[in-house]
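The block underneath contains the structure these notes are about, expressed in C-alpha cells.
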Amino acid sequence: MDGIIGQDRALDALRTALRSNRLHHALIFHGPVGVGKMTTARAVARGLLCHERPEGEARWCGTCPSCLLFERGEDAAHPDLHVVTKELARYSDDRRIRERKLMTIPVDVLRRALLEPVYRAAQLRHNKVFLVDEAEMLAAEGQNLMLKTLEEPPDNTYVILVTSNEDRLLITVRSRCQRIAFVPLADEAVSRWMDAQTSDLSTDDRQWLVPFAAGSLGQALLVLEYGLVAWSRDVLPHVDAMRDNRCDPELGARMASLIETFAKQWVDRHDNASKEAANRRAAQLLWSMIGRHARGRLAETARQCTGEPVSDEPRLEPWLAVIDALQETERDLAAHVNISLVCDHLVSRMSRSLAQR
C-alpha cells in the first residue's frame, strides 16, 4: 500500500492485519468522498491477490501472475477481483434495468457481480476479493441478501464495502464488518498535492480552493479538472449581491447550465456513467460551494455582533436561512425534481432570505 497519501491510522491498521494474515473477511471503508477509500481498497485487494506476498509484510511481490495483471494495468480483467458498481446495470440482461436511472445498485447487479460468483472457486487458485463502490446505494433488500455472505463467506474470500455515507448501511451489515474510518486530509497535504498538479492557480484561487476541498483530494481534483473555480467567481458574488436587494433573474438558469455542462463532461469522460448521478453530483458540489460561502459570511457577521440577542439575531438569520434553503434543495434533488426548477427555487429562497434586514 505504499504511495497512498495520508490516512496513517487507517493504513497502519490494514498493514498490521495484512502482515499477520489476520485481515477480517468483511470490511467497511467509510469517510468523506475523495479521501482515498477506493484507492486503498484496490491496494488491499492487490496485496490479498498476490500469490507470493513476502511473509510478514503488507506489500505485494510484483512478479506473480496476479501482480503482473496489475503491473500491466490489466487489473480490470483480473478474474478474482470483482468490482461492484451501479454502472454494471448497463450490462444487465433485463432491458428495464439497463434503461433505469443509475441512482442505486440494483439487486440484479448485486446477485450477478457478488452473490453468485462469491461461491465459485478462485480462477487463479488463490484469494477472491469483492469491492462494492458507493455501497450506500444498496437498497435494504440487497443489503439483507448480503448478510449470510458477510457473516460466513467462503474460504479465501474478502468483501470490502466502500461508502461515503455509512449511516445508510443497515446495522446488521455494519455489525458483520470491521470498520475502517478515513478522515479528511490536512489543508497542508491538499496544498502540497496541488503544488504537484498545477502552477497555474492564483493566490486568491488557491486560498478559495484549499478550504473548499475540505481535506478531499478527490474534490480538489474535480475543481481542477472541471474548472469549478470559475463557478465560484460566477455564482458567489451574485449571492452576496442579494444582501443589497439585487438578484440576477438569470442566476437560476446559469446555475442549471453549470450543472448540465459538468454532467455532460462527466458522462463523456466515464464509460457507462449515469447522467442523472452526474447531475446530482454537480448540484451537490454547487450547493457545497454556496453553503461554505454562507457559513463564512455567517462567521464574519457573528464576529461583528454585540452579544445582544435582539439586535444580533436579525443580522444572523439571513445566512442561516440560506443554509436551510440548501438543505431543502437537497430534498428536492432526492425527489428527482427537475434541476432547472430546483435552481430557480433555490435562488428565489436565497433572495427572499438575504433581502430581509
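The values are calculated or read from the model by the stated rules, or taken from the named source; none is laboratory data. The shown structure was predicted, so the numbers you read here are calculated from the model rather than taken from an experiment. Positions of Cβ are backbone-derived with ideal geometry, glycine not excepted, and every protein chain shown enters the neighbour counts.
Out of Gly47, Gly36, I need the residue that is modelled with pLDDT of 90 or more and out of contact with any strand residue (DSSP E or B) (no Cβ under 7 Å at 6 or more places or on another chain). Which one? None of the others qualify; the one that does is Gly47. Put simply, of Asn279, Asn245 the only residue that is assigned by TED's automatic domain parsing to the domain that holds Glu328, touching a helix residue (DSSP H, G or I) at 6+ places or on another chain (Cβ under 8 Å) and more than 22 Å from Ala334 (Cβ to Cβ) is Asn245. Of note, Pro318 satisfies the criterion of being in contact with a Lys or Arg (Cβ under 9 Å, 6 or more places away or on another chain) and crowded, with 20+ Cβ neighbours inside 10 Å. Are any of the residues in the range 140-156 outside any helix (DSSP H, G or I) and farther than 19 Å from His25 by Cα? Taking every residue of the range 140-156 in turn, none turns out to be outside any helix (DSSP H, G or I) and farther than 19 Å from His25 by Cα. For the range 267-293, a residue qualifies if it is crowded, with 19+ Cβ neighbours inside 10 Å and touching a residue at least 24 places away in the same chain (Cβ under 8 Å), and the qualifying residues are Ser274, Ala277, Asn279, Arg280, Ala282, Ala283, Leu285, Leu286, Trp287, Met289, Ile290, His293.
Screening Arg59 against (1) of a type in the set (Lys, Arg); (2) out of contact with any strand residue (DSSP E or B) (no Cβ under 8 Å at 6 or more places or on another chain); (3) surrounded by 20 or more Cβ atoms within 10 Å (Cβ to Cβ) leaves a single unmet condition, (3). All conditions in (1) assigned by TED's automatic domain parsing to the domain that holds Ala113; (2) under 24 Å from Ala43 (Cα atoms); (3) of a type in the set (Ser, Thr, Tyr) hold for Thr172, with the sole exception of (2). From the list Leu68, Leu114, Leu102, the one residue that fits, being in the same structural domain as Ser20 (by TED's automatic domain parsing), surrounded by 16 or more Cβ atoms within 10 Å (Cβ to Cβ) and either modelled with pLDDT of 90 or more or not in a loop (DSSP other than H, G, I, E, B) (or both), is Leu114.
Met146 fulfils the conditions (1) surrounded by 15 or more Cβ atoms within 10 Å (Cβ to Cβ); (2) touching a helix residue (DSSP H, G or I) at 6+ places or on another chain (Cβ under 6 Å) except for a single criterion, (2).
Just for the range 341-357: of the residues that are among the basic types (Lys, Arg) and more than 11 Å from Glu328 (Cβ to Cβ), which one is modelled with the highest pLDDT? I'd like the intermediate steps shown before the answer.
Filtering the range 341-357 down to residues among the basic types (Lys, Arg) leaves 349, 352, 357.
Going one step further and asking which of them are more than 11 Å from Glu328 (Cβ to Cβ), we end up with 352, 357.
Numbers: Arg352: 88, Arg357: 51.
If we take residues in the range 341-357 being among the basic types (Lys, Arg) and more than 11 Å from Glu328 (Cβ to Cβ), then Arg352 is modelled with the highest pLDDT.
When Val83 is tested against (1) under 19 Å from Lys37 (Cα atoms); (2) β-branched (Val, Ile, Thr); (3) assigned to a helix (DSSP H, G or I), exactly one condition is not met: (3).
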